[in-house]
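Below is one structure, written out as C-alpha cells, with a few remarks after it.
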Amino acid sequence: MKKQPSLSSAVALACVLQVSMCHATGLIYTPVNPTFGGDPNNGPFLLSTANAVNKHTAPATSGLDGISAQTPLQQFNSELEQAILSRIASSATESIIGPNGTLQPGTITTGQFTVSVTNLGNGSLQVTTTDTSTGQSTSFQVGQ
C-alpha cells in the first residue's frame with residue numbers, strides 16, 4: 001500500500017518553493033517635503049498644516065522697516081544722540097585702556113554715567129557702568 005502525502009507536507013513543500021522564488025531589494029527613502037526632493041504636490045498640504053498649528057503672531061509695527069514711524073526731526077535727533085554716545089564711549093575706552101592695550105583699574109565719570117574697572121585677581125577685571133541719575137548699574141567680567 002502506497003502512503004499518500006499528507007496535507008501538511010504538501011503545504012510545507014509549497015512554502016519552501018515560494019520562499020526560494022522571493023528576492024530581497026534595498027530600502028529606498030523617498031522624502032515627503034518638496035524642499036528636500038519630495039513630491040511637489042505635497043507642498044500646499046504641508047504649508048497649510050504648518051499654518052494651522054502656528055501659534056505665533058507678527059508684532060504690530062507702524063513703520064515700513066519694523067521701527068515705529070518717526071518724523072525726520074526725530075530720526076535726526078536719535079542719530080545725533082547715538083553719535084554722541086558713541087564718542088563718549090570711545091573717550092571712556094581710551095581712558096580705561098593702558099599703553100600696552102590692557103584695561104587699567106580705575107573709575108571714569110562721564111555725564112550721567114560712572115564706569116568702574118575693578119581687578120578681581122587671576123587676570124580678571126569687572127567693568128561696572130552706573131547711571132548716576134537712576135542708580136541702575138550693569139556689569140560684566142573680562143579676562144586680560
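Only one of 118, 129 is more than 18 Å from residue 143 (Cβ to Cβ), assigned to a strand (DSSP E or B) and in contact with a strand residue (DSSP E or B) (Cβ under 9 Å, 6 or more places away or on another chain). Can you tell me which?
Values: 118 fails: more than 18 Å from residue 143 (Cβ to Cβ).
Just a single option satisfies the conditions, and that option is 129.
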*Test: residue 64 is at pLDDT 85 or above and either touching a Phe, Trp or Tyr at 6+ places or on another chain (Cβ under 9 Å) or among the aliphatic types (A, V, I, L, M) (or both)*: no
_Checking the condition within 30 Å of the chain's Cα centre (by Cα) and touching a residue at least 12 places away in the same chain (Cβ under 8 Å), which residue from 45, 140, 36 passes?_
140
*Answer with yes or no whether residue 79 is charged (D, E, K, R), free of Cβ contacts under 8 Å to residues at least 60 places away in the same chain and either farther than 23 Å from residue 128 by Cβ or surrounded by 11 or more Cβ atoms within 10 Å (Cβ to Cβ) (or both).*
yes
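The values are calculated or read from the model by the stated rules, or taken from the named source; none is laboratory data. Since the model is a prediction, treat every value here as computed from it, not as a measurement. Cβ coordinates were reconstructed from backbone atoms using ideal geometry, including for glycine residues, and neighbour counts include every protein chain displayed.
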